[in-house]
Amino acid sequence: MVVENLSNSSSVANHHSQHRECTRLSVFPLPLFLLPGAVSHLRIFEAKYLDMVTASYKEGGFVIARYDKDFAFNVPKWGCHVEIVDFHTSEDNVLVIEVRAKKLVALNDFNYRDNGLLSAMATTLPNWAPRHHNDITDEFALFLAEIYERQPALQQLHDALHLDDPIWVCARILEIIPLSLIEKEKFIGENEFDNLVCFLQTLILGQVNKN
């Protein structure tokens, strides 16, 4: 069984025909996996990343990309475009910013700015198409709700829980399950959602999807 694909809906038409905006953004290499809708807190103390925070208000955010020393610029050719939604200074006088993930982006034309900050041209990548819940993803939503109940700090990151949206539910589960960042990356393609559902069904429900 797979989640129903709303391929005949106008929302999907808009999804697939969305303008693939391209802009130069600062890139923050981190061992962090975020998908659209995620919220995270980051501690900022290096001078170049303080500059990045300042520039992000003019540039419309920045990109968080998986740190990997095997790549030429220590990041793969994709990342997550995030915007700063709040900030404060911690008790140890470090800037803490709250970021919300907006969209996945492809990265190319890397260079270093004068302050040593990495930047790249960022082009919007298609996301998973909208879906309706079915019996399987309903179970995923219950599973995620139980996690938030046991770990209130995770729930408090979000202004609202979109448990009625299987895309949002599966994204949040993929972010927190104990897989390597490289393994998680396999599911980000726009056509990989059904494969993710099958994987999560095996992992969470303990059964192989045979349909």
For this session: Please find the FRET efficiency linking ASN74 to PHE45, where r is the Cβ-Cβ separation and R0 is fixed at 22 Å, and quote it to the nearest 0.05.
Result: 0.70
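Per residue, how much space in cubic angstrom lies within the convex hull of the C-alpha atoms of the chain? It would help to have the intermediate numbers written out before the result.
Values: hull volume 28.7 nm³, N = 211.
With only Cα atoms used, the chain gives 136 Å³ per residue.
So between LEU203 and ASP86, what do we pick up on full extension, going 0.36 nm a residue minus the alpha carbon distance? Write down the numbers at each step before the final one.
Values: separation 117, 0.36 × 117 = 42.12 nm, distance 3.45 nm.
So the chain would gain 38.7 nm between LEU203 and ASP86.
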For this session: Work out from phi, with θ = phi - 60° and the Karplus expression 6.51 cos²θ - 1.76 cosθ + 1.60, the ³J(HN,Hα) of each residue of segment 82-98, listed in order in whole Hz, and give x for Gly and Pro.
Result: 10, 10, 7, 10, 6, 7, 7, 9, 6, 4, 9, 6, 10, 6, 10, 10, 9
Exercise. Of ILE167, LEU205, ILE182, whose Cα points farthest to the positive end of the dipole of segment 154-210 (charges on the beta-carbon: +1 Lys, Arg; -1 Asp, Glu; origin at the Cα centre)?
Worked result: LEU205
Exercise. At a probe size of 1.4 Å, how large is the accessible area of SER180, to the nearest 10 Å²?
Worked result: 60 Å²
Exercise. If ligands, DNA and RNA are left out, what is the accessible area of CYS22 with a 1.4 Å probe, given in Å² to the nearest 10?
Worked result: 70 Å²
Seminar exercise, completed: Straight-line reach check, LYS186, cutoff 29 Å on alpha carbons, 8 or more apart in-chain or any other chain, hits among lysines -> LYS69, LYS77, LYS102, LYS103, LYS210
Exercise. Could you give the dipole magnitude of segment 44-146 about its Cα centre, charging the beta-carbon of Lys and Arg +1 and that of Asp and Glu -1, in debye to the nearest 20?
Worked result: 520 debye
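Is there a quick way to get the dipole size of the chain? I mean about its Cα centre, with the Cβ of Lys and Arg at +1 and of Asp and Glu at -1; what is the value in debye to the nearest 20?
560 debye
Keeping every protein chain in place, order MET52, MET121 by accessible area at 1.4 Å, biggest value first, i.e. largest first. Working shown, then result.
Numbers: MET52 0, MET121 45 Å².
The residues order as MET121, MET52, largest area first.
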Exercise. In segment 105-142, which residues have a backbone nitrogen under 18 Å from the label point lying 7 Å from ARG24's Cα in the Cα-to-Cβ direction?
Worked result: 106-124
For this session: Run the 1.4 Å probe and let me know the accessible area of ARG113, rounded to the nearest 10 Å².
Result: 70 Å²
For this session: Starting from the amide H of PHE28, placed 1.01 Å from N in the peptide plane, find each other amide H under 5 Å away whose residue is 5 or more places distant or on another chain.
Result: VAL63, ILE64, ALA65
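Using only C-alpha positions, report the orientation-averaged shadow area of the convex hull of segment 87-211, nm², one decimal.
Working: hull surface 42.6 nm².
Over all viewing directions, segment 87-211 projects a mean Cα-hull area of 10.7 nm².
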Exercise. Counting Lys +1, Arg +1, Asp -1, Glu -1, what net charge surrounds ALA101 among other residues with beta carbon under 12 Å of its beta carbon?
Worked result: +1
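With every protein chain kept in the model, how would you rank GLU190, GLU46, GLU149 by accessible area, 1.4 Å probe, largest at the top? Write out the running numbers ahead of the final one.
Numbers: GLU190 60, GLU46 90, GLU149 145 Å².
Largest accessible area first, the residues go GLU149, GLU46, GLU190.
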Problem set entry | Farthest positive-ward along the chain dipole, Cα basis, beta-carbon charges - from LEU34, TYR112, ILE44 | TYR112
For this session: Quick one: angle between helix 166-176 and the longest Cα principal axis of the chain, in degrees between 0 and 90, rounded to 10, please.
Result: 60 degrees
For this session: Give, as ranges by residue number, the residues of segment 89-113 whose backbone N falls under 13 Å from the point 7 Å along Cα→Cβ of ASP159.
Result: 99-101
Exercise. If LEU196, LEU203, LEU163 are ordered by their accessible area, calculated over protein heavy atoms with a 1.4 Å probe, which sequence runs from highest to lowest?
Worked result: LEU203, LEU163, LEU196
Exercise. Per the 1.4 Å probe, what fraction of the accessible area of the chain, in percent, lies on carbon and sulfur atoms?
Worked result: 51 percent
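The values are calculated or read from the model by the stated rules, or taken from the named source; none is laboratory data. Everything numeric in this text was worked out from a predicted model, so none of it was measured. Here the Cβ is made from the backbone with ideal geometry for all residues, glycine too, and neighbour counts use every protein chain on show. The protein model used for the area step is the full one, side chains on, heavy atoms only, and it has no ligands, DNA or RNA in it. Shrake-Rupley method; radii C 1.70, N 1.55, O 1.52, S 1.80 Å.
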